[in-house]
Each structure stands twice: as C-alpha cells, then as structure tokens.
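Read through the structure below, which is laid out as structure tokens, and then see the notes.
Bear in mind these aren't lab numbers, they're just calculated from the coordinates by the rules spelled out. Keep in mind it's a predicted model, so treat the numbers as computed, not measured. When we count neighbours, we look across all protein chains shown, and the Cβ atoms used for this are built from the backbone with ideal geometry, even at glycine.
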Amino acid sequence: MALSSSAHWAGASFSQKYGALAYRALLAEVNLTPKPGLVDRVNCGSHRDMALLDFYHSADAIAPWLSRFIEHGIRHSDVHGQAALSRLRPLGLACENSMFLATGGVNTHKGSVFSLGLMCCALGRLSARAQQISAEAVCQEVASLCCGLTERELHQSNPQQTAGQRLFYQHGLTGARGEAESGFATVLTHALPAYRRLLADGAQPDHALLHTLLILMSVNRDTNVVSRGGMAGLQWLQQQATELLASLSPAGMRAPLSQLKVRRFDAQCIARNLSPGGSADLLILTWFLAQFPHHIPDKNNNGVIPVIFQDAGLLAAITHPSH
C-alpha cells in the first residue's frame, strides 16, 4: 500500500492516494517505539492479548476499506447529518469485521476504524464538492457528519449500557464520539500544531511523533485509560506525561535521557496496567492530517512561509486530484 514514488502518485486515484496515506498512518503509530503502555516493537505494553504482529495483520485487513470510505463519501456527498452517518455505518462494521477476522477476535484498531473511517469519508465528500482539502476542512466535515452523535448514543438510557455509556454517566466522558463531534479538537488544537512545528524545526519524524504522543497523553481524557485505571489512573497518566514534557531539554526526544525517561514511563504504565489507546488513535489522525498540504509561519513571522509536505509527489497529487 505504501506509495514510494511520484509516478505512483500520479497514476493513483484520489481515493487510492489518501487511502494509502491512511494505511501508512496506522503503521506509523504502531512502529513508533517506545510508546508508554502501548504495543510497540519492543514490548506489548499493558496488553496481554495482542502483539505487534496482530497490528500488522489488522492494518493490512483495514487497508482496502480506507479507499472505500473515501469513495462512499464521494458517492453520497449530497446526504447530510444523521442520514449520512447511518449510510456509512454498515461500511464501518464490515471493516471492523475484517479486522477481527485478521486478528482472531482481538480489538487492535476498532477506534481507528471509527475515526479514520469518518475522516476518509469526509475527504471524499469534500472532493466531490471540489472543496479545498486541508486538515481543518476535513475535521469540520467530520464534525458536521457527527452533529448530535453523543446526544443520540450516550444520553440514551437502556438496561444494557455500553462501556462508553457507562463512562459518560459516571464521569461525563464522551470518548471517541465526543472527539469526532468536536471535529477532533484535541488533534487540531494540541497535537497537529505541535507535530508540524517539531518537524519544521528539524526533529526526526519518530522523535516528533513520540513528543506529540506525550502531548496527547497529557491532555486527552482517554476512556481507554479510565476503563483500566479509573479517573485516578487518568489523572496520574496525564500528570506523568506533563512532567516528562516539562523536563525535556532543548534537544527534545533526540536526547538519550529523554528516551530513558519514556522507557521508564512505559514500565510504570505497564505496572499500572494503563494503556492510552485513545491517544494512540488520535496520534494516527495527527500523522494522517500532517501529510496534507499546509503552511507553517516563519518563527519570526517575517520570512517566506514554506509549504510543507511529508511525502514526495504529494504537491502534484493532492493539489490536482483525479477521482
């Protein structure tokens, strides 16, 4: 699925181009090492039921569906609100089933099927209307698609509450639904600007991504963490991430001491059985959105504003899309 040349980009359809980027976002997250409490290339984090290979199988199973989400958005761009979301749901469930088949029933990427599925559908809708493709526009389209979602799905009372409903009633947490309805505000406000700036300042991609994960962990009200460790576990994790970020030297994640601190944090998360899976899902979205064309103001705001692309051929492929 990975696109490695401008020629490949030029010959691919709009849905194939962005579907491939979404797939690579899944791989970028799982390959990032170390990741406190999460499965990476060194250990299985706080998970006894899954390993790195499960995530590779899962990503490969999800990959063909990502372009289908985009194509669905293109075909149904004239349908709005709850009706649009209802039409998308069967596709999401089919993708989820493919994931479970590939992993033997292990939930590796259910959150990403939801969030990436929405984002890819939003991309298709924007493309069909010949609207600008940007991180902000895509997230706004997701917010429009998900308007009223938390009210409909979390506020309803039923005898068999889902885990999401339980956490909402107990702690007021809206989880993945709330993030989507907000247009992924945590990503747009915190993660994406930080990741872009780190890259623009010369950080290695993995170092920038790890730094961004810690930022997400410090601010995200992660329902995965709460389901394992309660609100006390979430508060501990956010505080540890905040303190680790504050302790970084100007070298950031490049410094050996920073890497050591992250590995210690990983060990602490494992000991407490905490896994920031919600933040991992948001990191996937951050990487994905960072591949879109965007501008970063000069540090002194008095120089040429560069256009940043993370992949060769993206300028031509994305600014001149073909369906």
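A few remarks follow.
- Rounded if a/c under 1.5, otherwise prolate or oblate - the range 123-243, Cα gyration tensor axes: oblate
- Ranked by how many other beta carbons lie within 10 Å on average, peptides 174-184, 109-119 from highest: 109-119, 174-184
- Max mean-square fluctuation residue, GNM over the chain, Cα-Cα springs under 10 Å, options 130, 241, 28: 130
- Local electrostatic count, residue 92, Cβ distance below 11 Å [Lys/Arg +1, Asp/Glu -1]: +3
- For the range 74-204, a simple Cβ point-charge model (Lys and Arg +1, Asp and Glu -1, everything else neutral) yields a dipole of about 180 debye relative to the Cα centre.
- Note on residue 255 and residue 239: the model spin-label points, each 7 Å out from Cα along the C-beta direction, lie 2.3 nm apart.
- Label-to-label distance, nm, for residues given as residue 189 and residue 247 (7 Å Cα→Cβ offset): 2.7
- Net charge contributed by nearby residues that have their C-beta within less than 13 Å of residue 16 (K/R +1, D/E -1): +2
- The stretch between residue 171 and residue 206 holds 9.2 nm of extra length on full extension. This uses 0.36 nm per residue minus the Cα-Cα distance.
- Treating r as the C-beta distance of residue 232 and residue 161 and R0 as 22 Å, the FRET efficiency rounds to 0.50.
- Taking a ≥ b ≥ c as the square roots of the eigenvalues of the alpha carbon gyration tensor, the range 95-186 is oblate, as a/c is not under 1.5 and a/b does not beat b/c.
- Its convex hull of Cα atoms gives the chain a direction-averaged projected area, equal to a quarter of the hull surface, of 16.4 nm².
- In sequence order, calculated HN-Hα J values of the range 208-217 (Karplus, 6.51, -1.76, 1.60; Hz; x Gly/Pro): 5, 5, 5, 4, 5, 4, 5, 4, 4, 4
- Coupling constants for the range 272-284 follow from the phi torsions by the Karplus curve (6.51 cos²θ - 1.76 cosθ + 1.60, θ = phi - 60°), and in residue order they are 8, 6, 9, 9, x, x, x, 5, 4, 4, 5, 5, 4 Hz; glycine and proline get x.
- Applying the Karplus relation 6.51 cos²θ - 1.76 cosθ + 1.60 with θ = phi - 60° to the range 37-48 yields 3J(HN,Hα) values of x, 10, 5, 9, 7, 9, 8, 9, x, 8, 10, 9 Hz, where x marks Gly and Pro.
- Hydrodynamic radius of the range 52-157 by the Kirkwood approach over all distinct alpha-carbon pairs: 14.3 Å.
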